[in-house]
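Participant: This is the structure I want to talk about, given as structure tokens.
The values are calculated or read from the model by the stated rules, or taken from the named source; none is laboratory data. The shown structure was predicted, so the numbers you read here are calculated from the model rather than taken from an experiment. Positions of Cβ are generated from backbone atoms using ideal geometry, with glycine treated the same way; all protein chains shown enter the neighbour counts.
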């Protein structure tokens, strides 16, 4: 008890500099983003003269012109991205939760082996699969359709979310589904009526991450969607930059910000699910 | 796994004392084949996905790595030629070197930042969730093309960095276009995403019982020795987890280098990550056989490094009792 006083007083005196440090560091972290936002409302010629994040004038011309700078208006590419991302969310929620229920609650021959195989695929680089997948999809005539980006999601290809949901379902009390078993409930009813409603936090985390990762995904969209009519937002942005980026930074920044808005929105709405989801995957 | 109470039909006959796990499994289900069937039914989408999009492609890419294949005509068997060619391919060696530098600098930098900030945020900081969110946000954004575009501008000739340097009277170069610095800008970008491992560290720190620190304090241990004797040892499993995860992730970096360098890994191949070169061979010149061989080498490198990681883990990772 006697020693209690010393450290806690020291802790209090450390509090203010600590917050100054944390806020200062946070500002450094966010400065590039704030700078991009402020640059997007400046005329292009002043972007490079002024490192300040307070724009002297508010000029939305970059948004208006950037929106129409490509062969389609920008919402066309946003829509293409949204369709893929929404289908990916639906696919992952359905297929990964089915697999997770099996791994977390059912007993069957080979379960441990399959579970280990599933975990191993977490470490598999996509680059090992992409060449033969491309060959497969081109033989199916799926190149330049959304199918290569969507069908794998409905077949539980994202093992990360199976793992996340298995961890979550294992933490649910098993008394509920046992009681339902004794009452004669089948596994599909238990899955649908008991496990799914109780797993809403894990499902929300999975949905958010699937959306954000699909929305950001560039590699596979670059490979499977070469037709400009099918371009998604990231592919369109990249072509915008390569095409006329050097002369139209303001417009490019404006459209880049538009492209980040959905992520930012989901981050604000669901940050609790995102940070908890990341944290729980680290633990049994 | 807890033993489940089983319906009455489960154990009509007394079983001989088998291994515990097996007996448990037998007792917990009404009948073998039916039990298996329901499990396999739930896993059916996953089985199909594994076969079509994982196992099939792995085997196919192994086969293709021994062939010449450009999609136009059937694969032509070459034996080990692709691998031999890789031994003599200077750009491949360059890309391996670039990748190793990138991974071995950016991952430690990112993890040290993550751990430092997690420790700062750990105990009783008011506004923890606010800080955590602010630091975590870049991890969600950094993979996007938008941020790559931003980075290219920040580190460009007239970019933000040079504007700030100019205020201090220093004239900067175009960092993204300079062979000595271009890779550094990618390393900084990766360091910017320390928030994701930081969140995992924070969750790990919360698992350390407070009583350990109280006991140590009573025994007169200072903050430094408490850190090295309690926090760090108990955190080693989390450090290990983050290390494995981030290493595997760093090897697969693609978008940022691709967008910032205009798709070519320049200047003078300074940012030619292995994945960029693989893309160039596979989807630029449709040299699918060579790209497959490259993919297998990447897989082998990641597997060996992860294996070594697990091997050395015994020496420094503390799993308690």
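Participant: Could you run through segment B:243-263 and say how many residues are free of Cβ contacts under 8 Å to residues at least 12 places away in the same chain and either more than 10 Å from chain A (Cβ to nearest Cβ) or under 19 Å from the mean Cα position of the chain (by Cα) (or both)?
Facilitator: Looking only at that region, the number is 1.
Participant: Ok, one more. How many residues, within segment B:86-102, are out of contact with any helix residue (DSSP H, G or I) (no Cβ under 7 Å at 6 or more places or on another chain) and in a helix (DSSP H, G or I)?
Facilitator: Number satisfying all stated conditions: 6.
Participant: In addition: With the checklist (1) farther than 19 Å from residue B:182 by Cβ; (2) away from every other protein chain (no Cβ under 12 Å) in hand, flag the one item residue B:267 doesn't pass.
Facilitator: (1)
Participant: Looking for something assigned to a helix (DSSP H, G or I) and surrounded by 14 or more Cβ atoms within 10 Å (Cβ to Cβ) - is there at least one such residue anywhere in segment A:45-54?
Facilitator: Scanning segment A:45-54 turns up at least one residue that is assigned to a helix (DSSP H, G or I) and surrounded by 14 or more Cβ atoms within 10 Å (Cβ to Cβ).
Participant: Quick one: is residue B:225 more than 14 Å from the chain's Cα centre (by Cα), over 22 Å from residue B:62 (Cβ atoms) and surrounded by fewer than 20 Cβ atoms within 10 Å (Cβ to Cβ)?
Facilitator: yes
Participant: Looking only at residues in segment B:75-99 that are surrounded by fewer than 14 Cβ atoms within 10 Å (Cβ to Cβ), free of Cβ contacts under 8 Å to residues at least 12 places away in the same chain and out of contact with any strand residue (DSSP E or B) (no Cβ under 9 Å at 6 or more places or on another chain), which one is nearest to residue B:188 (Cα to Cα)?
Facilitator: B:97
Participant: So, of the residues in segment A:158-185 that are without any contact (Cβ under 8 Å) to a residue 12 or more places away in the chain and either more than 8 Å from chain B (Cβ to nearest Cβ) or under 19 Å from the mean Cα position of the chain (by Cα) (or both), which turns out to be nearest to residue A:120 (Cα to Cα)?
Facilitator: By that ranking, first place goes to A:171.
Participant: Please go through segment A:180-203 and pick out each residue that is surrounded by 13 or more Cβ atoms within 10 Å (Cβ to Cβ) and over 21 Å from residue A:96 (Cβ atoms).
Facilitator: A:180, A:181, A:185
Participant: Let me ask something else. Return only the number of the condition from (1) without any contact (Cβ under 8 Å) to a residue 24 or more places away in the chain; (2) closer than 18 Å to residue A:28 by Cα that residue B:189 does not satisfy.
Facilitator: Exception for residue B:189: condition (1).
Each row is one residue, and each column tells you yes or no for (1) in a helix (DSSP H, G or I); (2) under 16 Å from residue B:295 (Cα atoms).
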position: B:61; (1), (2): yes, yes
position: B:72; (1), (2): no, no
position: B:104; (1), (2): yes, no
position: B:111; (1), (2): yes, no
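Participant: Does residue B:52 meet the test of being under 14 Å from residue A:95 (Cβ atoms) and surrounded by fewer than 17 Cβ atoms within 10 Å (Cβ to Cβ)?
Facilitator: Answer is yes for this residue.
Participant: While we're on this one: Provide a single number: the residues in segment A:115-134 that are over 18 Å from residue B:46 (Cβ atoms), at the interface with chain B (Cβ under 7 Å from one of its Cβ atoms) and part of a helix (DSSP H, G or I).
Facilitator: Number satisfying all stated conditions: 4.
Participant: If residue A:113 satisfies all but one of (1) buried (at least 19 other Cβ atoms within 10 Å of the Cβ); (2) at pLDDT 95 or above, what's the number of the condition it fails?
Facilitator: Every condition holds for residue A:113 apart from (1).
Participant: When you look at residue A:234, is it more than 9 Å from chain B (Cβ to nearest Cβ) and farther than 29 Å from residue B:43 by Cβ, yes or no?
Facilitator: The answer is no for residue A:234.
Participant: In addition: Based on this model, can you work out whether residue B:67 counts as in contact with a strand residue (DSSP E or B) (Cβ under 7 Å, 6 or more places away or on another chain) and either surrounded by 13 or more Cβ atoms within 10 Å (Cβ to Cβ) or closer than 20 Å to residue B:280 by Cβ (or both)?
Facilitator: yes
Participant: Among the residues of segment A:137-157, which ones are more than 7 Å from chain B (Cβ to nearest Cβ) and either in a helix (DSSP H, G or I) or touching a strand residue (DSSP E or B) at 6+ places or on another chain (Cβ under 7 Å) (or both)?
Facilitator: If the condition is that a residue be more than 7 Å from chain B (Cβ to nearest Cβ) and either in a helix (DSSP H, G or I) or touching a strand residue (DSSP E or B) at 6+ places or on another chain (Cβ under 7 Å) (or both), then A:137, A:139, A:147, A:148, A:149, A:150, A:151, A:153 are the ones that fit.
Participant: While we're looking at this one, here's another question. Within segment B:34-73, which residues are within 7 Å of chain A (Cβ to nearest Cβ), closer than 25 Å to residue A:135 by Cβ and more than 30 Å from the chain's Cα centre (by Cα)?
Facilitator: B:71
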